[in-house]
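Note sheet for the following structure.
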Amino acid sequence: MNIELIMIGNELLSGEIADANAHFMASALSERGFQVTRISMVGDQEGQIQGALLQSCDRAEAVIVSGGLGPTSDDLTTAAAAKALGESLVLHEEILQQIRERFAKGGMEMPRANEKQAVFPASAEIIPNPMGTAPGFCLRSRGKKIFFLPGIPRELQHLFRETVLPRLEKERKGKVFYRARTLKVFGLTESAIADRLKGVRTERFFATLAYLPRYPENHVKVIVRGPDVEEVEKNLAELERVIREKLEGRVFGVDRETLEEIVGRLLKERQATLAVAESCTGGLVAHRLTNVPGSSEYFERGVVAYSNQAKTELLQVPERLITQLGAVSAPVAENMAEGIRRLSRATLGLGITGIAGPTGGSAEKPAGTVFIALTGPDGTASRRYQFWGYRDQVKMIAAHTAMEWVRRYFLFNGIEGFRKQFLMVPKKFPDTRQAKTEQ
């Protein structure tokens, strides 16, 4: 089935807002074997919206429209859809009451402008929106489904997954099943991944692979198709096993999993706690770990010891080490990790110190030099990295690498296994300024 997407909003055309909705929907549709043949972007003008709708209906088997369902005067999608398809507009009292109740729960009276969100084309099938005041709706024109969804990404994603995809599956002709999985990789460049997977015969599994750079990760998207759903799932599982073997432990998660979620799960499973002392990452590790609901069960504390004085006063890093070796050194990172673990009585302590750049480097320690240390009941390990990129990229990859250290600590059953099997890999990461797709 070929599908067209229409994204509506002046803010998209002006560049004020990046369009995340088309990316999300196109990716989800391709995973299910639907073909997105065109993505159009239209401003908040009735005539343009009407024209885009009619043209898409001529070309595509289904159309999905995002945006323009709000309460303000520039939200014109519903009116434009009614005119384009020759329908009258009807007020739905039940929907209007639901919107009023939503405002009342927040202790507010519904503004009169929001009544507009309870008005729909006469033949519209309403798609309830439990996350906002703008319901979606569905129309059928010349036997084709047209879905209208709110432009707020969180709301659109919920309605898309729960309503639009299942209905498109019912409309699909033929009995071909699709299954997709995204394998998330860290520590290998895109080209290194492709080299390792070069000999994999995807045709045996009726599958396709796509390589997707998502700095600082790289993703491998696997899509398997076939007439029998059990066979498709069997082929997907076997191909995933082959890829994981080829990538030798670099796959850390799948689909919507994040590294911080996986680290949190490992800490909970082992009934362990973690404390973090950060310098060049400025609290980014603590921020990401505490983005996970329930992280208080395993994250004990985080300290941003940015200055030398903070390192000595808060973490008891010996001043002589900083004087002799510099704040960016392995012994300082180790003392930061050991200091935060001692202070917090956590199971593990993580220390990060470095030069995020672009200034502050030297010939011996250029910008992007980062030392990471991890300490636990069984000892301490540290290592120097040379990252490349802009300041935010160095901070991001340093934080990601530090969390990967915690994952690998559990994967290799402690510091000794961690040293032998993880700290032997290359220490340099590619220069993302020249080759952003490589890492």
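The values are calculated or read from the model by the stated rules, or taken from the named source; none is laboratory data. No experiment lies behind these values; they were computed from the predicted model shown. When we count neighbours, we look across all protein chains shown, and the Cβ atoms used for this are built from the backbone with ideal geometry, even at glycine. What goes into the accessible areas is simple: the full protein's heavy atoms, side chains included, and nothing from ligands, DNA or RNA. Shrake-Rupley method; radii C 1.70, N 1.55, O 1.52, S 1.80 Å.
Residues in region 118-144 that are at pLDDT 95 or above, open to solvent by 10 Å² or more (accessible area, probe 1.4 Å) and not in a loop (DSSP other than H, G, I, E, B): 3 in all. Just checking, does region 170-180 include any residue being part of a helix (DSSP H, G or I) and either under 28 Å from Ile64 (Cβ atoms) or open to solvent by 70 Å² or more (accessible area, probe 1.4 Å) (or both)? Scanning region 170-180 turns up at least one residue that is part of a helix (DSSP H, G or I) and either under 28 Å from Ile64 (Cβ atoms) or open to solvent by 70 Å² or more (accessible area, probe 1.4 Å) (or both). On the given criteria, is Val164 at pLDDT 95 or above, out of contact with any helix residue (DSSP H, G or I) (no Cβ under 7 Å at 6 or more places or on another chain), of a type in the set (Val, Ile, Thr) and surrounded by 19 or more Cβ atoms within 10 Å (Cβ to Cβ)? In short, yes. Count of region 295-324 residues, restricted to those that are of a type in the set (Ser, Thr, Tyr) and either in a strand (DSSP E or B) or touching a residue at least 12 places away in the same chain (Cβ under 8 Å) (or both), is 3. Go through (1) in contact with a helix residue (DSSP H, G or I) (Cβ under 9 Å, 6 or more places away or on another chain); (2) of a type outside the set (S, T, N, Q); (3) under 30 Å from Met336 (Cα atoms); (4) free of Cβ contacts under 8 Å to residues at least 40 places away in the same chain for Val220 and report which single condition fails. If we test Val220 against (1) in contact with a helix residue (DSSP H, G or I) (Cβ under 9 Å, 6 or more places away or on another chain); (2) of a type outside the set (S, T, N, Q); (3) under 30 Å from Met336 (Cα atoms); (4) free of Cβ contacts under 8 Å to residues at least 40 places away in the same chain, just (3) comes out false.
Only one entry of Val224, Val292 meets the criterion of being crowded, with 19+ Cβ neighbours inside 10 Å and not in a helix (DSSP H, G or I), and that entry is Val224.
Any chance you could count how many residues in region 183-217 are hydrophobic (A, V, I, L, M, F, W, C), without any contact (Cβ under 8 Å) to a residue 60 or more places away in the chain and under 14 Å from Glu248 (Cα atoms)?
If we filter region 183-217 for residues that are hydrophobic (A, V, I, L, M, F, W, C), which is where we start, we get 183, 185-186, 188, 192-194, 197, 200, 205-207, 209-210, 212.
Right, trim to without any contact (Cβ under 8 Å) to a residue 60 or more places away in the chain and you get 192-194, 197, 200, 205-207, 209-210, 212.
Narrowing the set further to residues that are under 14 Å from Glu248 (Cα atoms) leaves 192-194, 197.
Of the residues in that region, 4 qualify.
Among residues of region 325-338 being surrounded by fewer than 24 Cβ atoms within 10 Å (Cβ to Cβ) and in a helix (DSSP H, G or I), the one that is farthest from the chain's Cα centre (by Cα) is Leu325.
The lone criterion from (1) at pLDDT below 95; (2) crowded, with 17+ Cβ neighbours inside 10 Å; (3) of a type outside the set (Gly, Ala, Ser); (4) closer than 25 Å to Val292 by Cβ left unmet by Glu217 is number (1).
Do the conditions hold for Ile95, that is, is it open to solvent by less than 70 Å² (accessible area, probe 1.4 Å), in a strand (DSSP E or B) and not polar (S, T, N, Q)?
Working: open to solvent by less than 70 Å² (accessible area, probe 1.4 Å): yes; in a strand (DSSP E or B): no; not polar (S, T, N, Q): yes.
No.
Within region 73-91, the set of residues being under 34 Å from the mean Cα position of the chain (by Cα) and among the β-branched types (Val, Ile, Thr) comprises Thr77, Thr78. Selection of region 345-381 for residues being surrounded by fewer than 23 Cβ atoms within 10 Å (Cβ to Cβ), in contact (Cβ under 8 Å) with a residue 24 or more places away in the chain and either hydroxyl-bearing (Ser, Thr, Tyr) or on the phi > 0 side of the Ramachandran plot (or both) yields Arg345, Thr347, Gly357, Gly379, Thr380.
Residue count for region 149-169 satisfying the condition of being within 22 Å of the chain's Cα centre (by Cα), in a helix (DSSP H, G or I) and of a type in the set (A, V, I, L, M): 4. Would region 265-272 turn up any residue that is modelled with pLDDT of 95 or more, surrounded by 22 or more Cβ atoms within 10 Å (Cβ to Cβ) and in a helix (DSSP H, G or I)? Within region 265-272, one or more residues are modelled with pLDDT of 95 or more, surrounded by 22 or more Cβ atoms within 10 Å (Cβ to Cβ) and in a helix (DSSP H, G or I).
If I filter region 229-247 for residues that are open to solvent by less than 50 Å² (accessible area, probe 1.4 Å), in contact (Cβ under 8 Å) with a residue 60 or more places away in the chain and not aliphatic (A, V, I, L, M), do I get at least one hit? Explain how you work it out, then say what you get.
If we filter region 229-247 for residues that are open to solvent by less than 50 Å² (accessible area, probe 1.4 Å), which is where we start, we get 229, 232, 235-236, 239-240, 242-243, 247.
From what is left, the residues that are in contact (Cβ under 8 Å) with a residue 60 or more places away in the chain are 243, 247.
Those still in the list that are not aliphatic (A, V, I, L, M) too: none.
No, that holds for no residue.
A search for C-beta distances below 6 Å between a residue of region 87-99 that is touching a residue at least 12 places away in the same chain (Cβ under 8 Å) and any residue that is crowded, with 17+ Cβ neighbours inside 10 Å and assigned to a strand (DSSP E or B), counting only pairs 6+ apart in sequence or on different chains, returns Glu87/Pro121.
Somewhere in region 61-68, is a residue open to solvent by 40 Å² or more (accessible area, probe 1.4 Å) and part of a helix (DSSP H, G or I)? No - not one qualifying residue is present in region 61-68. Checking each residue in region 1-23 for being surrounded by fewer than 21 Cβ atoms within 10 Å (Cβ to Cβ) and in contact with a helix residue (DSSP H, G or I) (Cβ under 6 Å, 6 or more places away or on another chain) picks out Ile17, Asp19, Ala20.
Counting the residues of region 1-28 that are assigned to a helix (DSSP H, G or I), within 28 Å of Ile223 (Cα to Cα) and in contact (Cβ under 8 Å) with a residue 60 or more places away in the chain gives 5.
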